[in-house]
Amino acid sequence: MKIAIGIIGIMLGILVLLQSCTVGTASHLVGDAATGDAGSLGILAGLLLFVGGAFAFGLPIVSTVTFTLAGLIAFAGSAEFPDLKVWGFIALAMAVMAFFTWRSAKKKRVAAQ
């Protein structure tokens with residue numbers, strides 16, 4: 001499960017980064033400051049998704065916190081950039097999966113002792 005969360009998190013992070021960079025650049029060219037700011041929040045959310053995916057392999061609890069932050073930041077910018085709402089829900093779902101991965105690993109360690 002750790003590997004799946006890590007790979008999905010990294011790929012989604014790259015996808016959100018690319019989409020947010022495109023939206024941010026296009027909105028700056030047009031002169032729409034609000035959408036540009038939402039694109040910047042999307043870039044931050046994408047970066048956090050990427051980092052959360054990287055931490056999922058070894059430290060799933062850090063990944064849980066990082067995915068949760070990415071989801072909250074995505075919801076903050078979703079008024080001007082509606083796709084961020086979708087990425088926010090996905091980030092929170094990834095946080096829940098990472099939490100249960102961490103919890104099951106912890107139970108296995110306790111049972112082995």
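Could you compute the net charge surrounding G31? Neighbours are other residues with a C-beta less than 15 Å from the C-beta of G31; K and R count +1, D and E count -1.
-3
Name the lysines eligible as straight-distance cross-link partners of K2: C-alpha to C-alpha under 24 Å, and not fewer than 8 places from it in the same chain.
Within the straight-line cut-off, K2 pairs with K106, K107, K108.
With charges only on Cβ, +1 for K and R and -1 for D and E, what is the dipole size of region 11-108 about its Cα centre, in debye, rounded to 20?
The dipole of region 11-108 has a size of about 760 debye.
Given R₀ = 41 Å, what would the calculated FRET efficiency be for T25 paired with K106, taking r from the Cβ atoms and rounding to 0.05?
0.45
Round to the nearest 0.05 the FRET efficiency obtained for V96 and A4 when R0 = 22 Å and r is the Cβ-Cβ distance.
Given R0 = 22 Å and the Cβ-Cβ separation, E is 0.95.
How much net charge surrounds A76 when only other residues with a Cβ under 11 Å from its Cβ are counted (Lys, Arg +1; Asp, Glu -1)?
Residues close to A76 contribute a combined charge of -1.
Normalised by the number of residues in region 2-112, what is the relative contact order in percent for Cα pairs under 8 Å and 6+ residues apart?
Worked out over region 2-112, it gives 28 percent.
From the gyration tensor of the Cα coordinates in region 1-53, what semi-axes in whole Å does the equivalent ellipsoid have, largest first, with each one equal to sqrt(5λ)?
Calculated on Cα positions only, the semi-axes equal 27, 8, 5 Å.
Measure out, as a whole number of angstrom, how far apart the alpha-carbon centroids of region 77-91 and region 93-112 sit.
27 Å
Readers should treat all values here as calculations from the given coordinates under stated rules, not as data from a laboratory. Quantities reported herein were computed from a predicted structural model and do not represent experimental measurements. Note that we place each Cβ from the backbone using ideal geometry, even for glycine, and neighbour counts take in every protein chain shown.
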